[in-house]
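In what follows, a structure is listed as structure tokens, so that the remarks can point back to it.
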Amino acid sequence: MFEVVFLGTSASAPSVRRGLPATMVLYRDRRFLVDAGEGTQRQLLRSGLGFKRLDTILLTHGHLDHILGLGGIASTFARWEAAERLTIHGGRWALERVRELMDVVVKGEEPGFKLIYAPLAPGPVLRAGDLDVSAFSVKHRGSGNFGFVFQERARRPFLVDRAEALGVPVGPVRRRLVEGQAATLPDGRVVQPDEVLGPATPGTRLVYVGDVADVSDLGPVVAGADLLICESTYLWADRDIARQYGHVTAREVAELARDAGAGALILNHVSRRYPSREIRAEARAAFPGALVADDLQHYQVRPGELRRVEAPRADDAALELGGLD
């Protein structure tokens with residue numbers, strides 16, 4: 001299961017209701033911040049997430065509305081020693097711009113934490129327990145634009161009743177079997193993993209697409225996704241403008257989700273020119289149930305289920321006293 005918290009959902013410029021792009025993806029004890037538009041750190045506090053365990057940032061591209069918030073985050077981390085390290089994954093051009101931004105923020109001084117710039121290429125990005133994160137190229141303006149796949153690996157449940165019937169003791173022996181290795185019992189018998197593991201259950205698949213000019217070739221990436229999150233800056237009536245600025249329409253994204261068999265769709269990167277209901281209506285004509293993200297919305301996604309949850313938010317006292325927790 002993944003959790004997704006939309007911190008900023010506007011396109012290009014903030015509005016009264018929407019901040020600039022930033023999304024937190026949570027998996028167990030790991031947090032992944034996708035993009036960091038201006039004002040992201042305040043949204044982290046308002047959401048109740050704070051800065052705890054925020055050590056990995058994934059950048060879809062290097063446009064300013066997606067990276068300016070990194071300056072504030074780095075400044076806060078340096079002042080309060082909120083983290084030991086911060087790894088920023090991005091395309092070459094995106095990382096160049098971030099480096100220039102950080103040179104201004106830290107003014108040539110040591111920031112007080114380890115700042116790592118990790119260049120992206122299509123393929124695996126990192127592995128964390130049962131989670132694989134990978135990047136794929138997308139078309140936008142310029143080069144070095146990426147989307148991300150968060151894939152929970154399939155798991156075989158451990159069948160306690162079978163293990164007890166076979167006399168498998170609790171402890172390292174069971175751990176070996178869970179890891180797929182044969183185990184020798186104290187009496188010399190050898191137990192195979194298939195004897196105590198059930199059929200594999202699929203892991204959750206989340207696909208995140210930031211700014212993108214063309215989604216026609218993304219079907220294989222999106223195929224089987226339990227949730228697709230994608231920009232929807234324009235409506236179909238303004239598709240010529242969308243092409244001019246390297247974006248797509250809500251209709252195109254919804255058709256992608258439908259044709260690729262996605263389980264759910266949430267539209268993001270919303271232009272101030274359209275009411276949310278118009279974006280939602282256009283998308284639902286092709287993909288019933290499509291949603292339009294709002295700032296601070298919190299979702300849980302697992303195979304076959306997308307659920308909106310009311311996440312606890314910090315009150316004013318918590319913001320002042322516990323914001324870095």
Filter the range 7-22 for residues that are closer than 17 Å to I279 by Cβ and in contact with a Leu (Cβ under 7 Å, 6 or more places away or on another chain); the one that is surrounded by the most Cβ atoms within 10 Å (Cβ to Cβ) is G8
So how many residues does the range 180-210 have that are touching a residue at least 40 places away in the same chain (Cβ under 8 Å) and of a type in the set (A, V, I, L, M, F, W, C)?
-> 5
Options A262, A213, A286: the member that is crowded, with 21+ Cβ neighbours inside 10 Å and touching a residue at least 24 places away in the same chain (Cβ under 8 Å) = A262
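Rundown of residues vs (1) buried (at least 16 other Cβ atoms within 10 Å of the Cβ); (2) without any contact (Cβ under 8 Å) to a residue 12 or more places away in the chain; (3) in the same structural domain as V248 (by TED's automatic domain parsing); (4) of a type in the set (A, V, I, L, M, F, W, C), yes/no style:
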position	(1), (2), (3), (4)
V34	yes, no, yes, yes
Q43	yes, no, yes, no
G72	yes, no, yes, no
V98	yes, no, yes, yes
P124	no, yes, yes, no
Taking the options F113, F150, name whichever one is under 21 Å from A22 (Cβ atoms), aromatic (F, W, Y) and at pLDDT below 95.
-> F113
So is E231 assigned by TED's automatic domain parsing to the domain that holds G144, more than 20 Å from the chain's Cα centre (by Cα) and surrounded by 19 or more Cβ atoms within 10 Å (Cβ to Cβ) or not?
-> no
Out of (1) over 17 Å from G62 (Cβ atoms); (2) assigned to a loop (DSSP other than H, G, I, E, B); (3) without any contact (Cβ under 8 Å) to a residue 40 or more places away in the chain, the odd one out for E38 is which?
-> (1)
What helices (runs of 4 or more DSSP H), lying completely within the range 64-107, carry at least 2 residues that are modelled with pLDDT of 95 or more and more than 18 Å from E38 (Cβ to Cβ)?
-> 92-106
Of the residues in the range 50-63 that are in contact with a helix residue (DSSP H, G or I) (Cβ under 9 Å, 6 or more places away or on another chain) and modelled with pLDDT under 95, the one that is nearest to H140 (Cα to Cα) is L54
When only residues in the range 1-35 that are among the charged types (D, E, K, R) and assigned to a strand (DSSP E or B) count, which is nearest to D65 (Cα to Cα)?
-> R31
Tally the residues that are under 30 Å from G246 (Cβ atoms) and touching a Lys or Arg at 6+ places or on another chain (Cβ under 7 Å), restricting the search to the range 150-165.
-> 1
Condition test on F136, is it touching a strand residue (DSSP E or B) at 6+ places or on another chain (Cβ under 7 Å) and closer than 24 Å to V215 by Cβ?
-> yes
G203: passes all of (1) more than 24 Å from L7 (Cβ to Cβ); (2) surrounded by 24 or more Cβ atoms within 10 Å (Cβ to Cβ) but (2)
Among the listed residues Y299, Y274, which satisfies the condition of being surrounded by fewer than 23 Cβ atoms within 10 Å (Cβ to Cβ) and without any contact (Cβ under 8 Å) to a residue 60 or more places away in the chain?
-> Y274
Across the range 285-320, what is the number of residues that are at pLDDT 95 or above and more than 28 Å from Q151 (Cβ to Cβ)?
-> 1
Is it true that T40 is out of contact with any Asp or Glu (no Cβ under 8 Å at 6 or more places or on another chain) and closer than 18 Å to F148 by Cβ?
-> yes
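The values are calculated or read from the model by the stated rules, or taken from the named source; none is laboratory data. These numbers come from a predicted model, not from an experiment. Cβ: placed from backbone, ideal geometry, glycine included. Neighbour counts: every protein chain shown.
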